[in-house]
Amino acid sequence: MNIILFGPPNAGKGTQAKLLVENRGWVQLSTGDMLRSAIAAGSDLGKRVQAIMDAGELVSDEIVIELIEERLPEAEAAGGAIFDGFPRTVAQAEALDKLLAGRDSKIEKVVHLVVDRAELTKRVEKRAAEQGRADDTVDVFNNRFDVYEKQTAPLIPYYTGQGKVVKVDGMGSVEAVAASIATALDG
Ligand code: ADP
């Protein structure tokens, strides 16, 4: 099964994606992780995207679509993909739908992790204090949240139109959220 873990920055998508990998054997496709690996490796791609990521802006649709396309065969072999941090724009979602359709596949569910802004800010403050990433400061978070509302939130009506969105309360403990996601996927 292919699913999208959807939600604002710091909603817990990566944490929940890793639990789904452990429990179901699917593959996590996190464009954020892929881009951070490119930066760590010092590749040309990494050099091109670093400043954009540090500022909390979005890298170009072409780049992330290509990164995702490369990893689709691996996810197919594992029986499922968990898209995490992708798609982030309607253009990315349209490209993903086309890519999957060309492979006789599709997104089955979009799990929308709902967390309010005050809680998200609290999480950033905690992580920043613990020494986080360059894009893990409250200022950058505020920009990332604005980018999310403008460019990524329009995916909610996009996928609601396809009847795929399931809302999950993301405010509880990691375990409670994981249990709610399991119900959303299996119920
Ligand atoms: P989060 O902490 O919310 O999980 P990510 O790790 O998914 O954040 O993303 C970190 C940064 O990487 C984003 O702010 C953006 O600069 C870049 N990025 C990740 N995925 C995408 C994407 N699908 N489109 C454009 N930029 C992306």
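Summarise the accessible area of the chain (1.4 Å probe, protein heavy atoms) by the percent that is carbon and sulfur. Accessible surface attributable to carbon and sulfur in the chain totals 53 percent. Length gained on full extension, residue 149 to residue 33, computed as 0.36 nm times the residue gap minus the Cα-Cα distance: 39.6 nm. The overall shape of region 106-187, judged from the alpha-carbon gyration tensor, is oblate: a/c is not under 1.5, and a/b is no greater than b/c. Each peptide in 170-177, 137-144 gets a packing score, the mean of other Cβ atoms within 10 Å over its residues, and the list from highest to lowest is 137-144, 170-177. Under 12 Å from a point 7 Å along the Cα-to-Cβ line of residue 127: which residues of region 4-38 have their amide N that close? So the set is 8-16, 32-33. Our summary gives the chain a relative contact order of 32 percent, counting only alpha carbon pairs under 8 angstrom and 6 or more residues apart. Placing +1 on each Lys and Arg Cβ and -1 on each Asp and Glu Cβ, with no other charges, gives region 54-187 a dipole about its Cα centre of roughly 400 debye. Probing with 1.4 Å while keeping every protein chain in the model, the per residue accessible area of the chain equals 49 Å². Taking every pair of alpha-carbon atoms in the chain, give the share separated by more than 28 Å as a whole percent. Tail of P(r) above 28 Å: 20 percent of Cα pairs. When each of the peptides 56-68, 94-106 is scored by how many other beta carbons lie within 10 Å of its residues on average, the order from highest to lowest is 56-68, 94-106.
The values are calculated or read from the model by the stated rules, or taken from the named source; none is laboratory data. Not measured: the values here are computed from a predicted model. Cβ: placed from backbone, ideal geometry, glycine included. Neighbour counts: every protein chain shown. Just the protein is used for accessible areas: all its heavy atoms, side chains included, with ligands, DNA and RNA removed. Shrake-Rupley method; radii C 1.70, N 1.55, O 1.52, S 1.80 Å.
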